[in-house]
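Novice: Dropping a structure here in structure tokens format, bear with me for questions.
The values are calculated or read from the model by the stated rules, or taken from the named source; none is laboratory data. Bear in mind that the values here come from a model prediction, so they are computed numbers and not experimental data. Cβ coordinates were reconstructed from backbone atoms using ideal geometry, including for glycine residues, and neighbour counts include every protein chain displayed. SASA here: full protein model, heavy atoms, side chains in, ligands and nucleic acids out. Shrake-Rupley method; radii C 1.70, N 1.55, O 1.52, S 1.80 Å.
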Amino acid sequence: MTRKQATAVWIAGTASGVAQAGLFNPWDRALYLSVRDDRFFLHRENFRHPFLGFSQAVVQRTVSGGLYFALQGTFVALLHNLDPVSEAHNTPHLCTLLPPTHTHTH
């Protein structure tokens, strides 16, 4: 993966996390309030301040959802490049345990 592709993946992951937080925060908050206050989910009070807690949701969704694939792709490529196991020890290479990448060649 080139540096430009890696940057694009990280930007897409971050944008995905922000979009998820913006889209789902009102519903997540309403669900939380309906359970906490023991009232019907679609009750008007549950949607009174739909973006309260948005900053925490952005961080959580960006890290857990949006950047998962960026991190996974980055670390798989890094491990393919490192391949620290020596052929002299007659042990399988670490790369045989990882999914193939498009940029790795033997």
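Novice: Work out from phi, with θ = phi - 60° and the Karplus expression 6.51 cos²θ - 1.76 cosθ + 1.60, the ³J(HN,Hα) of each residue of the stretch 67-73, listed in order in whole Hz, and give x for Gly and Pro.
Specialist: Listing the rounded values in order: 9, 4, 5, 5, 5, 4, x Hz.
Novice: Evaluate E = 1/(1 + (r/R0)^6) for GLN56 and THR14, where r is the Cβ-Cβ distance and R0 equals 22 Å; express this FRET efficiency to the nearest 0.05.
Specialist: Plugging the Cβ-Cβ distance into 1/(1 + (r/R0)^6) gives 0.85.
Novice: What is the stretch 1-54 by shape, rounded, prolate or oblate, if you read a ≥ b ≥ c off the alpha carbon gyration tensor as root eigenvalues and call it rounded for a/c under 1.5, prolate for a/b larger than b/c, and oblate otherwise?
Specialist: Here the stretch 1-54 falls in the prolate category.
Novice: Efficiency by 1/(1 + (r/R0)^6): what FRET value for SER34 and LEU78, r their Cβ-Cβ distance, R0 = 41 Å, to the nearest 0.05?
Specialist: Values: r = 43 Å, r/R0 = 1.06.
According to the calculation, E is roughly 0.40.
Novice: Along Cα→Cβ, 7 Å out, is where each label goes; now give me the distance between the ones at THR2 and TRP27 in nm to one decimal.
Specialist: Distance between the two pseudo-spin positions: 3.8 nm.
Novice: Could I ask something else about it? Provide ASP28, ASP38 ordered by accessible surface of protein heavy atoms (probe 1.4 Å), highest first.
Specialist: Details: ASP28 70, ASP38 135 Å².
Reading off the accessible areas and sorting them downward yields ASP38, ASP28.
Novice: If you take the beta carbon distance between SER64 and ARG44 as r and set R0 to 30 Å, what does 1/(1 + (r/R0)^6) give as a FRET efficiency, to the nearest 0.05?
Specialist: Here the calculated transfer efficiency is 0.50.
Novice: Further question: Between beta-carbons, use under 14 Å as the cut-off and find the net charge around ASP37, counting Lys and Arg +1, Asp and Glu -1.
Specialist: Counting the neighbours of ASP37, the net charge comes to +3.
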